[in-house]
Amino acid sequence: MKKRFLILIMVVCLGALLCGCRENKLTKIELAEVTHSIFYAPLYVAINEGYFEEEGLEISLVNAGGADKVMAALLSNASQVGLAGPEATIYVYNNGQSNYMINFAQLTKRDGSFIVGREKIENFTLKDLRGKSILGGRVGGVPEMTLEYVLKQAGLTVGRDTEGYDVLVRTDIQFNAMTGSFLNGEADFTTMFEPTATLLEKEGRAYVLASVGEFTDEIPFTAFYVTKSYLEENEDVVLAFTKAIYKGQQFVMNKSDEDVAKSVISFFTDSTIDDLTIVIGRYRKADVWCTTPYFGEDGFNRLMDVMEEAKELDKRAPYDKIVNNKFAEEVVK
């Protein structure tokens, strides 16, 4: 009898141990980011500070190299969550895709790119681009459309491949090839994300002249999104993801530039803490980061204004279809 009792106790303990292992098992998420930049600091903070693990998630980060490639990764089920400009979700919805994308957490609220030139220009203004060419990125992408928008707001006419313009915005170079092309002599100026811009400036190969975001009102420049079907089947995962992102946003808002730099340095091994501190300060000055994951309707409409100005939007998408703030509202409570 005693032997049977001991065996029973061992079985119960083993079962409890196995259940505990199952309960502690992390849900794996492949996250496709549009590019790799300190612009997405709250995300990297959330990873390195263990906020995703606290919510039961394990993040595998993939640099897709463009919003179109992020979209392809989600539509093919290769990735579960995408981080890119919400313009891609508008295109997919308007194209009639039944399994369209739903934005559930906004990360940045202004353009995170910087205008970079070959020479230092004191007191730079957008008028200094008159008669020059600049690499703008992919046609229909938020960086390229925002650049054209701010140039037009400054009273400059924009051309892509025609005559009779003030500034030639080149869209023939792929987004992830722009820096290399600029260094190889293409165009007079380019737009560039950090920390690449600061690294090149430090080497004397380029000069950061202005933040594009400082010339614009708030727009949802980058957001996290999932397919409609994934959201319907994994609301608990999306909620946990949003909680982790909110913690990352709060860290960035409440800590010093140097503290943020130390948190994310492992993602930017070619940079120093000092370099990253400078970059984070630049982004903070430009007011690019959202303080919560909430995706507002005013910004959504402003984004579509930019898209219409660029003649890349035939019809407006419904906010209540491709934006879901349920999770953002819950975590902010």
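Go through (1) over 12 Å from V226 (Cβ atoms); (2) of a type in the set (S, T, Y); (3) surrounded by fewer than 24 Cβ atoms within 10 Å (Cβ to Cβ) for S113 and report which single condition fails.
With respect to (1) over 12 Å from V226 (Cβ atoms); (2) of a type in the set (S, T, Y); (3) surrounded by fewer than 24 Cβ atoms within 10 Å (Cβ to Cβ), S113 is out only on (3).
For every residue, the table says whether it meets (1) of a type outside the set (A, V, I, L, M); (2) under 19 Å from N63 (Cβ atoms); (3) buried (at least 17 other Cβ atoms within 10 Å of the Cβ); (4) touching a residue at least 40 places away in the same chain (Cβ under 8 Å).
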site: M145; (1), (2), (3), (4): no, no, yes, yes
site: T157; (1), (2), (3), (4): yes, no, no, no
site: G164; (1), (2), (3), (4): yes, no, no, no
site: V167; (1), (2), (3), (4): no, no, yes, no
site: Q174; (1), (2), (3), (4): yes, yes, no, yes
site: T179; (1), (2), (3), (4): yes, yes, yes, no
site: N184; (1), (2), (3), (4): yes, no, no, no
site: T191; (1), (2), (3), (4): yes, yes, yes, yes
site: P195; (1), (2), (3), (4): yes, yes, yes, yes
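Being outside any helix (DSSP H, G or I) and not charged (D, E, K, R) is the filter; apply it to the range 231-272 and report the residue that is farthest from V323 (Cα to Cα).
So, considering only residues that are outside any helix (DSSP H, G or I) and not charged (D, E, K, R), the one farthest from V323 (Cα to Cα) is T272.
Do we find a residue being within 22 Å of V70 (Cα to Cα), outside the structural domain of S76 (by TED's automatic domain parsing) and assigned to a loop (DSSP other than H, G, I, E, B) anywhere in the range 195-210?
Yes: the range 195-210 contains one or more residues that are within 22 Å of V70 (Cα to Cα), outside the structural domain of S76 (by TED's automatic domain parsing) and assigned to a loop (DSSP other than H, G, I, E, B).
Condition first: among the hydroxyl-bearing types (S, T, Y) and touching a strand residue (DSSP E or B) at 6+ places or on another chain (Cβ under 6 Å). Now tell me which residues in the range 151-178 satisfy that.
Of everything in the range 151-178, just one residue is among the hydroxyl-bearing types (S, T, Y) and touching a strand residue (DSSP E or B) at 6+ places or on another chain (Cβ under 6 Å), namely Y165.
Can you tell me how many residues in the range 111-155 are on the phi > 0 side of the Ramachandran plot and either among the small types (G, A, S) or touching a Gly at 6+ places or on another chain (Cβ under 8 Å) (or both)?
Qualifying residue count, the range 111-155: 4.
Filter the range 294-318 down to the residues that are of a type outside the set (K, R), more than 19 Å from the chain's Cα centre (by Cα) and assigned to a loop (DSSP other than H, G, I, E, B) and list them by number.
Passing the criteria: A310, E312, L313, D314, A317, P318.
Is one or more of the residues making up the range 260-269 surrounded by 17 or more Cβ atoms within 10 Å (Cβ to Cβ), over 29 Å from V208 (Cα atoms), modelled with pLDDT of 95 or more and of a type in the set (V, I, T)?
Taking every residue of the range 260-269 in turn, none turns out to be surrounded by 17 or more Cβ atoms within 10 Å (Cβ to Cβ), over 29 Å from V208 (Cα atoms), modelled with pLDDT of 95 or more and of a type in the set (V, I, T).
The values are calculated or read from the model by the stated rules, or taken from the named source; none is laboratory data. Everything numeric in this text was worked out from a predicted model, so none of it was measured. Heads up, the Cβs are rebuilt from the backbone with ideal geometry, glycines too, and the neighbour counts pull from every protein chain shown.
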